[in-house]
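Following: one structure in structure tokens, then a few remarks.
The values are calculated or read from the model by the stated rules, or taken from the named source; none is laboratory data. Quick caveat, the model's predicted, so the values are computed rather than measured. Every residue, glycine among them, receives a Cβ derived from its backbone with ideal geometry; neighbour counts consider all protein chains shown. Accessible surface areas use protein heavy atoms only, side chains included; no ligands, DNA or RNA. Shrake-Rupley method; radii C 1.70, N 1.55, O 1.52, S 1.80 Å.
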Amino acid sequence: ANSLQIDLTPEGLRIQIFDRDGEPMFAAADATPTPRLARILTVISQVLQTVHNGVIIAGHTDAQPLQRGTFSNWELSAARANSTRRQLEADGLTPVLAG
């Protein structure tokens with residue numbers, strides 16, 4: 001609960017997951033969810049399976065510069081969003097393709 005913030009916005013329900021208590025959701029410069037984030041996403045997936053609303057996932061990074069060849073914070077942010085999506089799908093959330 002300390003890592004979640006849930007708000008109702010004009011666009012819908014926004015669920016934000018934060019690093020808290022010295023426990024990051026991802027290791028530095030990595031897109032693999034930590035076990036803590038995986039547990040949080042499992043619970044979120046179970047809740048989202050009970051509604052028919054669309055889901056938008058955005059990934060973020062810290063302010064530390066990252067540049068490994070062409071892999072920058074932009075790519076890391078996108079990789080984290082995709083990793084989160086894959087975890088939600090593995091936990092049973094049905095993917096919906098835009099068309």
- Query: For the range 74-96, which residues satisfy the criterion of being of a type outside the set (A, V, I, L, M, F, W, C) and loosely packed, with under 15 Cβ neighbours inside 10 Å?
  - Reply: Asn82, Arg86, Glu89, Gly92, Thr94, Pro95
- Query: Within the range 32-73, how many residues are within 21 Å of Ile6 (Cα to Cα), among the aliphatic types (A, V, I, L, M) and surrounded by 14 or more Cβ atoms within 10 Å (Cβ to Cβ)?
  - Reply: 7
- Item | Filter result (in contact with a helix residue (DSSP H, G or I) (Cβ under 6 Å, 6 or more places away or on another chain) and either among the small types (Gly, Ala, Ser) or on the phi > 0 side of the Ramachandran plot (or both)) within the range 1-37 | Ala31
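The rows are residues; the columns are (1) of a type in the set (A, V, I, L, M, F, W, C); (2) assigned to a loop (DSSP other than H, G, I, E, B).
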site	(1), (2)
Leu8	yes, no
Asp30	no, yes
Val43	yes, no
Asp62	no, yes
Glu75	no, no
- Query: Taking the range 5-29 only, how many residues are farther than 12 Å from Thr84 by Cα, open to solvent by less than 60 Å² (accessible area, probe 1.4 Å) and touching a residue at least 12 places away in the same chain (Cβ under 8 Å)?
  - Reply: 3
